[in-house]
1. First select every other residue whose beta carbon is under 13 angstrom from the beta carbon of residue 188; then total the charges, Lys and Arg +1, Asp and Glu -1.
2. Testing the spin-label approximation: label points 7 Å from Cα along Cα→Cβ at residue 99 and residue 83. State their distance in nm.
3. Expressed as a rounded percentage, what relative contact order does segment 96-190 have, with Cα pairs under 8 Å and six or more residues apart?
4. Find the centroid of the Cα atoms in segment 85-109 and in segment 134-168, then give the distance between the two in whole Å.
5. Quick check: residue separation of residue 64 and residue 108 times 0.36 nm, minus the Cα distance between them. What number comes out in nm?
6. Take the Cα atoms of segment 85-190, build their convex hull, and give its volume per residue in Å³.
7. Give me the number: length gained by fully extending residue 166 to residue 188, i.e. 0.36 nm times residue separation minus the C-alpha to C-alpha distance, one decimal in nm.
8. What order, most packed first, do the peptides 107-115, 142-150, 169-177, 87-95 have when packing is the mean number of other Cβ atoms within 10 Å of each residue?
Amino acid sequence: MIRGLDSPDPFWRSACIQGPGLASYGFRVTVGQSTMPKALTEWVKTLFQDEATTTPESVQEFPDETLAACALLLEVTLADHEEQPEEIQALQRAMSKRFSITEETFDALLQATRGKAKDAVSLYEHTRVLNDELDHRAKIDLVELMWDIAHADGELDHYEEHLIRRVAELLYVEHADFILAKLASKQRLG
């Protein structure tokens, strides 16, 4: 039933006095049952559900350094808003080269990293771990791997370059080393 100014409920009277309310937008206001479509109700429920993207076991399977590096490399694949298969292949090669990740474990690592990256608030969470664990040469190598992934699809997007620059700064990689890593990657990949 639609309630209005004649309602004994003060909430409905004040709502009608303040403005037309939901009824003017095509909604029926009822007492006792919901008239919201079931699909919309289910969608609203999914907004408030906390889905576990990874299991704790899959995250604990890999060292923090490996997860942090993979998360940053994954961010490069997502920086241009298009995850290309060439970039994922380059990510797999990078993880194999730097962390000796096999093809069999790469899928589990990628799934764990996606969950960890989705939950991350900033890049600092990952770079903090790497600053604690890596020496300066390893940080430069990581920046070079990021360039390899950015160049993998044949075009360098300005978002990818900006991300790599920010990560290099957070890893305390000097600008000269940042440029040398970019040129080495570009020369190696053609």
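1. +1
2. 1.5
3. 32
4. The two parts, judged by their Cα centres, are 16 Å apart.
5. Length difference between fully extended and current span is 14.4 nm.
6. 106
7. Full extension from residue 166 to residue 188 adds 5.6 nm.
8. 142-150, 87-95, 107-115, 169-177
Bear in mind these aren't lab numbers, they're just calculated from the coordinates by the rules spelled out. Please read all numbers here as calculations on a predicted model, not as lab measurements. Cβ: placed from backbone, ideal geometry, glycine included. Neighbour counts: every protein chain shown.
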